[in-house]
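Down below is the structure, laid out as structure tokens.
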Amino acid sequence: MLTLDQTLYSRRQVLSLGRKTLLVLGIGCLYPVSHYLRAKENQLAVARIASSEMPLKIHWQRLSQTRFWLRQGNDGVEGMWASCTHLGCEVSYDPEQELWLCPCHGSRFNRDGQPVQGPAVNPLARAEVQEKGGFYLLHQPVV
């Protein structure tokens, strides 16, 4: 039994234990923080799809769950990165109007990605497309 004069830990022991705990927690946080700080901010998107899964036409076709669009052009497969050059909103292609439409601020681009109506003044970026071993490899352009 402890009496009133006796304590399990002294004040000095409690403070020492608290300092050690904070030191261990601080060191434990260093790895995730350093990993976050060393990460590349703008990793470019890359996609791959079997050419047999996406037979190309003359109109742009979206590669599902990406901003990549593909079509069969005069000189082979063409790719478009569907990101508006105004503020980066995702644009979509309307085959009836043959226009790329931005839902955010109303920019419009022609079939080849050239601006038709602002506020965007720069053309849409073309995605790099490579055909290798029955696959289309797409790389997001550096903007």
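At a glance:
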| item | result |
| --- | --- |
| Matching residues in the range 90-119 - criterion: being surrounded by fewer than 16 Cβ atoms within 10 Å (Cβ to Cβ) and in a loop (DSSP other than H, G, I, E, B) | PRO95, GLU96, GLN97, GLU98, PRO103, CYS104, HIS105, GLY106, ASP112, GLN114, GLY118, PRO119 |
| Flag for TRP81 being touching a residue at least 60 places away in the same chain (Cβ under 8 Å) and of a type outside the set (Gly, Ala, Ser) | yes |
| Criterion (modelled with pLDDT under 85, at positive phi and not β-branched (Val, Ile, Thr)) met by exactly one of GLN6, GLN65 | GLN65 |
| Filter result for the condition that a residue is assigned by TED's automatic domain parsing to the domain that holds ALA82, out of contact with any Cys (no Cβ under 7 Å at 6 or more places or on another chain) and not basic (Lys, Arg), over PRO103, PRO115 | PRO115 |
| Residue within the range 54-65 that is under 16 Å from PRO123 (Cβ atoms) and touching a residue at least 12 places away in the same chain (Cβ under 8 Å) present | yes |
| Counted residues, the range 120-143 - those being in contact with a Leu (Cβ under 6 Å, 6 or more places away or on another chain), assigned to a strand (DSSP E or B) and within 18 Å of TRP60 (Cβ to Cβ) | 2 |
| Selection count, the range 53-83, where residues are hydrophobic (A, V, I, L, M, F, W, C) and surrounded by fewer than 17 Cβ atoms within 10 Å (Cβ to Cβ) | 4 |
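The values are calculated or read from the model by the stated rules, or taken from the named source; none is laboratory data. Please read these numbers as outputs of a predicted model, since none were measured by experiment. Methodologically, a virtual Cβ is constructed for each residue, glycine included, from the backbone with ideal geometry; neighbour enumeration extends over all protein chains shown.
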